[in-house]
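Enquirer: One structure, as structure tokens, below. Some questions next.
The values are calculated or read from the model by the stated rules, or taken from the named source; none is laboratory data. These numbers come from a predicted model, not from an experiment. FYI the Cβ positions are ideal-geometry reconstructions off the backbone, even for glycines, and counts take in every protein chain you see. Side chains included, ligands, DNA and RNA excluded: accessible areas come from the protein's heavy atoms. Shrake-Rupley method; radii C 1.70, N 1.55, O 1.52, S 1.80 Å.
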Amino acid sequence: MSTGAFTEPEERIELRKQVFKLGSKYGQEYFLEKARSGQKTTELWLELGKNGYLGVNIPEEYGGGGGGIADVAAVLEELGAAGSPMLMMVVSPAICGTVIAKFGTEEQKRTWLPGIADGTETMAFAITEPDAGTNSHNITTTARKDGDEWVLNGRKIYISGLDESTNVLVVSRTEDSKTGKLKPCLFVVPTDAPGFEFTPIPMDFVSPETQFQVFIDDVRLPADALVGDEDGGLVQLFAGLNPERIMAASYATGMARFAIGKATAYAKERTVFKGPIGSHQAIAHPLAQAHIQVELARLMTQKAATLVDDGKDLEAGEAANIAKYAAAEAGVFAVDTSVHTFGGNGLTQEYGMGALIGGSRVMRIAPVSKEMILNFVAMHSLGLPKSY
């Protein structure tokens, strides 16, 4: 697909249709029941994998569909629109799958990609730290060489889905032998490795995926746990971060579409005065505005994904950040408007709208805050002085 196109290829349109159909078979009721009872959406995850939807962006020779980020983002969006967004799709196929496919050795690709593609070996991603927060340059998790092995030490926080992952891609730092400076490196760490411990963080965000605090104490890894070149640093890390922003945008627009769909159906049926509430502009106009904002965000997300898939990583950085910002803002407005459309019913468990509030708000904060995106755009797009 060329970067000038405004419509998606027929194959992706069909992919969207089939994923939405599968997601709707499970739906929000299934999703919330699992989340509220502390269970996992394993059945849906494995059925997605079996149908080839999880690994649609993984190269065919490693069990994937041979598509790109635009395809896997479409899968996540349609699942959200069906009421069952899969947060682990952001980290397992989109971040880890992309980084390993691009920079992993042949053996690493054959070891990890097939499981990521079929959903049987979900891989988590660990970058955020308690003291670094948004400033990833300040991460202190370090790796040092000890003979043929690496030894990792550090802390991580808000790491999704470690309890349903066999491995986690950990962002660490190694010391440059020439300059003495620390540089980022990526390691695949088994979640059951000695010295690797994680504890759940209680969250008000209604989701089947659990967030964890991680403690890494003298975790020993073989030499081949290092993904890519020891000197590849930021290039390898950012190869996973543009897809992460694109997937976050798709998560937000999928959720927004679901909310608008439910609110619109309700507004057509609910009568309080003389006719359905949707006939009143106070209800109709905000829903129309929400739809417009979502469609604009979807278009920017499509542009960002196309740039990534065309190998234009520098241009993709700006587009991916703008898409994530626009989608998060559109998502919050869409959910807020939809909850308001339901009135008091919007906050009951029966209608499932209140459960979307936390999820929509998370998209403004993670994986990068709206303020940091504004910093990025001010500096890189507008050429303004750096403020941090």
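Enquirer: Tell me, what are the semi-axes, in whole angstrom and largest first, of the equivalent ellipsoid of segment 285-388 as set by the roots of 5 times the Cα gyration tensor eigenvalues? Please list the in-between numbers first.
Expert: Working: eigenvalues 183, 46, 27 Å².
Taking √(5λ) for each eigenvalue gives 30, 15, 12 Å, largest first.
Enquirer: Could I ask something else about it? How would you classify segment 52-109 from its alpha-carbon gyration tensor, with a ≥ b ≥ c the square roots of the eigenvalues: rounded for a/c under 1.5, else prolate if a/b is greater than b/c, otherwise oblate? All intermediate terms of the calculation are to be shown ahead of the outcome.
Expert: Details: a/c = 2.78, a/b = 2.01, b/c = 1.38.
Prolate.
Enquirer: Before anything else, pin down the relative contact order of the chain: Cα pairs under 8 Å, at least 6 apart, normalised by residue count, whole percent.
Expert: Numbers: 740 pairs, mean separation 60.8, N = 388.
This gives 16 percent for the chain.
Enquirer: Let me have the relative contact order for segment 236-316, percent, based on Cα pairs under 8 Å that are six or more residues apart.
Expert: Details: 46 pairs, mean separation 30.0, N = 81.
About 37 percent, as a whole number.
Enquirer: Let me ask another. Average projected area of the Cα convex hull of segment 113-237, in nm²? Intermediate results must be reported in sequence, preceding the final value.
Expert: On the way: hull surface 33.3 nm².
Projected area, direction-averaged: 8.3 nm².
Enquirer: Run through all the Cα pairs of segment 1-141 and give the fraction in each 5 Å bin from 0, expressed as whole percent.
Expert: Once binned at 5 Å, the Cα pair distances of segment 1-141 give 2, 10, 18, 19, 18, 14, 12, 6, 2, 0.
Enquirer: Whose amide H sits under 5 Å from the amide H of Thr122, counting only residues 5 or more places off or on another chain, with H placed in the peptide plane?
Expert: Thr166
Enquirer: Relative contact order (percent) for segment 1-129, with alpha-carbon contacts under 8 angstrom and 6 or more residues of separation? Intermediate results must be reported in sequence, preceding the final value.
Expert: Working: 168 pairs, mean separation 35.7, N = 129.
Answer for segment 1-129 is 28 percent.
Enquirer: Using a cut-off of 10 Å between beta-carbons, work out the net charge of the residues near Thr301 (Lys and Arg +1, Asp and Glu -1, Thr301 not included). Don't jump to the answer; show the numbers that get you there.
Expert: Details: positive: Arg245, Arg298, Lys303, Lys324; negative: Glu77.
Here the count lands on +3.
Enquirer: Sticking with this one: Okay, helix-only estimate at 222 nm for the chain: each DSSP H run of n ≥ 4 adds -39500 (n - 2.57), divide by all residues, round to 500 deg cm²/dmol; what do you get? Mind dumping the intermediate values first?
Expert: On the way: 10 runs with 182 residues, N = 388.
-16000 deg cm²/dmol, from helical runs alone.
Enquirer: Taking the chain as a Gaussian network, where each spring joins two C-alpha atoms under 10 Å apart, which residue of Ala320, Ala132, Ala94 fluctuates the most?
Expert: Looking only at Ala320, Ala132, Ala94, the biggest GNM fluctuation is shown by Ala132.
Enquirer: On to the next question. Taking Rh as the Kirkwood radius computed over C-alpha pairs, what is the Stokes-Einstein D of segment 233-288 at 37 °C in a medium of viscosity 0.692 mPa s, expressed in µm² per second? Working shown, then result.
Expert: Working: Rh = 13.8 Å.
Calculated translational D: 238 µm²/s.
Enquirer: Determine, from the Cβ-Cβ distance of Thr142 and Leu314 and an R0 of 22 Å, the FRET efficiency 1/(1 + (r/R0)^6), rounded to the nearest 0.05. Each step should come with its number before you reach the end.
Expert: Details: r = 29 Å, r/R0 = 1.31.
Efficiency for this residue pair is about 0.15.
Enquirer: Oh, and also: Cross-link candidates for Lys109: which lysines have Cα within less than 24 Å, leaving aside residues fewer than 8 places away along the same chain?
Expert: Filter leaves Lys50, Lys145, Lys183, Lys312.
Enquirer: Quick test of the membrane-span-like rule: which DSSP H helices of the chain reach at least 20 Å along their long axis (C-alpha atoms) with mean Kyte hydropathy at least 0.0? All intermediate terms of the calculation are to be shown ahead of the outcome.
Expert: Working: long enough: 10-36 (37 Å, -1.12); 233-269 (56 Å, 0.31); 281-309 (41 Å, 0.29); 313-342 (43 Å, 0.34).
Within the chain the helices that satisfy the rule are 233-269, 281-309, 313-342.
Enquirer: Report Rg (one decimal) and Dmax (nearest whole number) for the chain, counting Cα atoms only, units Å.
Expert: Taking only Cα atoms of the chain, I get Rg and Dmax of 21.0, 79 Å.
Enquirer: With no solvent and one equal point scatterer per Cα, compute the Debye intensity ratio I(q)/I(0) for segment 184-240 at 0.31 Å⁻¹ and report its log10, rounded to two decimals.
Expert: Rounded to two decimals, the profile gives -1.14.
Enquirer: How large is the accessible surface per residue of the chain, computed with a 1.4 Å probe and reported in Å² as a whole number? Before the final figure, lay out each step's value.
Expert: Details: 17760 Å² over 388 residues.
Ligands and nucleic acids excluded, the figure is 46 Å² per residue.
Enquirer: Give me the percent of accessible area attributable to carbon and sulfur for segment 168-257, probe 1.4 angstrom.
Expert: Values: 1920 of 3660 Å².
Roughly 52 percent of what the probe reaches on segment 168-257 is carbon or sulfur.
Enquirer: P(r) of segment 82-170 in 5 Å steps, Cα pairs, percent per bin?
Expert: Binned Cα distances yield the sequence 3, 13, 20, 19, 22, 15, 6, 1, 1, 0, 0.
Enquirer: Separate question: What's the center-to-center distance, using Cα atoms, between segment 78-92 and segment 299-378 in Å?
Expert: What the calculation gives is 13 Å, centre to centre.
Enquirer: Can you pull out the trypsin sites (Lys or Arg not before Pro) in segment 282-370 that DSSP calls coil and that have at most 16 other Cβ atoms within 10 Å? List each step's numbers first, then the result.
Expert: On the way: sites: Arg298, Lys303, Lys312, Lys324, Arg361, Arg364, Lys370; in loops: Lys312.
When the trypsin sites (Lys or Arg not before Pro) of segment 282-370 are filtered for loop state and at most 16 Cβ neighbours within 10 Å, Lys312 remain.
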